[in-house]
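Here is the structure we will look at.
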Ligand SMILES: Cc1cc2nc3c(=O)[nH]c(=O)nc-3n(C[C@H](O)[C@H](O)[C@H](O)COP(=O)(O)OP(=O)(O)OC[C@H]3O[C@@H](n4cnc5c(N)ncnc54)[C@H](O)[C@@H]3O)c2cc1C
């Protein structure tokens, strides 16, 4: 650990905005991934000039800087594997402008997604990329990971909603990328490059985001399937069926069992459930889309078809999906839910086969895996439920992860749909993007010649994620 010049840091960001208490360092040493590594110090700037001062200091001293929002990332993006300064951006959490005539807003990066949507609601609009973690996820973290959510099938991921960014580069220079207009053809779209760069290129200090009208009508439907494959085929038909669902979610049997067990929802013990939603300003158009989706489900042996416009009914239907991630953690006392191989995307026609493959691999390696996700975007989530105290289970998880990603690549899928790369997915990412890794490293050098921003992540992370850092769990020798 480098001896940090705490008085100098306090001069830059203020007396109360620097922490090096071991308890704080411990908290900032993990995120929602399996990894743990302690930062040397935590700094919480309140304004852009402080970020500039900090980045100048860190670049001169060659100190790693790990920019952090709420730390809900699932792949170790904010785990300081090389030590350094954790730059906590939650102190910059102001909504700077809501501009309905020009249909954009400007926010600081520490604004929490739900808070932004709460502020937008009186204007009749919403910011749509919204991940399931919207109660805690910050706009900066969503930009870092190119987050998306249940409605991204219709409204796109974070990258589709970002019009412009202000970022601070290593050395302290403030740059403005993008515009406040809907279209732009003025050279490289550098703001789009920053989205999904996981804090490796610059520190976002302001974002200009577009928003969309809140639809007058929303209808949510459900179908049960005795065979996972049938649900997968229904998804493929719906997405090729000339309509634009606002949500299309798959929940498999392991997930159904988990939510039934923990929330007593009484969902039928079927192989899979499909949730489908349509929204819009004209009820007839929504009716039409819902009917098309019902027909597709029925064609593929979907049963128990139901749908509702009523907000309370919709919340009830959606409850199992919404609470799925916490439910998985409680699946069994012996097993913990780990974010591994957690969000590949695959072509629609391969959804069912992928879900089946995940179950086969899990069975062979004596671990439990589930398959669920935003299948309308081709996104297949899974988690590995395992006995985290046993070294043998980590060895199994390592093999299972490798096999699953190899399969995903073989069907032209991709390593991550929305959770990003960080440390845990680096080896699969490197295998998938082998052709472009050197180009990516050149881009990184152009932004960050001294490699201070989130070093050792993505293309520069070790291949073996189990030993890349300490694990967040106690493992028996
Ligand atoms: C229960 C649960 C559910 C989830 N559901 C979803 C989901 O549905 N969809 C989804 O996409 N993700 C989901 N996630 C993952 C995660 O919540 C999202 O990716 C979220 O956007 C991360 O936000 P954060 O503020 O926690 O970012 P962090 O984890 O703090 O940071 C994420 C990345 O962004 C970078 N970063 C943060 N702030 C800045 C900044 N100001 N400038 C530059 N880089 C920055 C960090 O360095 C890091 O690389 C879920 C996580 C959990 C725990």
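The values are calculated or read from the model by the stated rules, or taken from the named source; none is laboratory data. Since the model is a prediction, treat every value here as computed from it, not as a measurement. Because the Cβ atoms are built from the backbone with ideal geometry, glycine has one as well, and the counts that use them run over all protein chains shown.
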**Item:** Only one of 121, 154 that is more than 14 Å from the ligand (Cβ to nearest atom), in a helix (DSSP H, G or I) and out of contact with any strand residue (DSSP E or B) (no Cβ under 9 Å at 6 or more places or on another chain)
**Value:** 121
**Request:** Of the numbered conditions (1) outside any strand (DSSP E or B); (2) over 19 Å from residue 310 (Cα atoms); (3) touching a strand residue (DSSP E or B) at 6+ places or on another chain (Cβ under 9 Å), residue 237 fails exactly one; give the number of that condition.
**Result:** (3)
**Asked** Which of (1) in contact with a helix residue (DSSP H, G or I) (Cβ under 6 Å, 6 or more places away or on another chain); (2) surrounded by fewer than 22 Cβ atoms within 10 Å (Cβ to Cβ); (3) within 26 Å of residue 35 (Cα to Cα) is the odd one out, the single condition residue 363 does not satisfy?
**Response** (1)
**Asked** So which helices (runs of 4 or more DSSP H) stay within the stretch 386-477 end to end and still have 3 or more residues that are touching a strand residue (DSSP E or B) at 6+ places or on another chain (Cβ under 8 Å) and surrounded by 17 or more Cβ atoms within 10 Å (Cβ to Cβ)?
**Response** 391-410
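Yes/no per residue for (1) more than 16 Å from the ligand (Cβ to nearest atom); (2) buried (at least 20 other Cβ atoms within 10 Å of the Cβ):
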| site | (1), (2) |
| --- | --- |
| 181 | yes, no |
| 202 | no, yes |
| 207 | no, yes |
| 219 | yes, yes |
| 226 | yes, no |
| 229 | yes, no |
| 240 | yes, no |
**Request:** Pull up the stretch 265-290, narrow it to residues that are out of contact with any helix residue (DSSP H, G or I) (no Cβ under 8 Å at 6 or more places or on another chain) and more than 29 Å from residue 356 (Cβ to Cβ), then point me to the one that is surrounded by the most Cβ atoms within 10 Å (Cβ to Cβ).
**Result:** 286
**Message:** Out of everything in the stretch 87-112 that is more than 19 Å from residue 172 (Cβ to Cβ) and assigned to a loop (DSSP other than H, G, I, E, B), what residue ends up being farthest from the chain's Cα centre (by Cα)?
**Reply:** 101
**Message:** Given the options 319, 293, name the one that is surrounded by fewer than 21 Cβ atoms within 10 Å (Cβ to Cβ) and assigned to a helix (DSSP H, G or I).
**Reply:** 319
**Request:** Quick one: in the stretch 338-355, of everything that is out of contact with any helix residue (DSSP H, G or I) (no Cβ under 6 Å at 6 or more places or on another chain) and within 16 Å of residue 272 (Cα to Cα), which residue is nearest to the ligand (Cβ to nearest atom)?
**Result:** 354
**Message:** Suppose the filter is touching a helix residue (DSSP H, G or I) at 6+ places or on another chain (Cβ under 6 Å), modelled with pLDDT of 95 or more and not assigned by TED's automatic domain parsing to the domain that holds residue 428; does residue 87 pass it?
**Reply:** no
**Prompt:** Of the numbered conditions (1) closer than 18 Å to residue 427 by Cβ; (2) out of contact with any helix residue (DSSP H, G or I) (no Cβ under 7 Å at 6 or more places or on another chain), residue 310 satisfies every one except a single condition; which is it?
**Reply:** (1)
**Item:** Residue among 134, 148 that is in contact (Cβ under 8 Å) with a residue 24 or more places away in the chain and assigned to a loop (DSSP other than H, G, I, E, B)
**Value:** 148
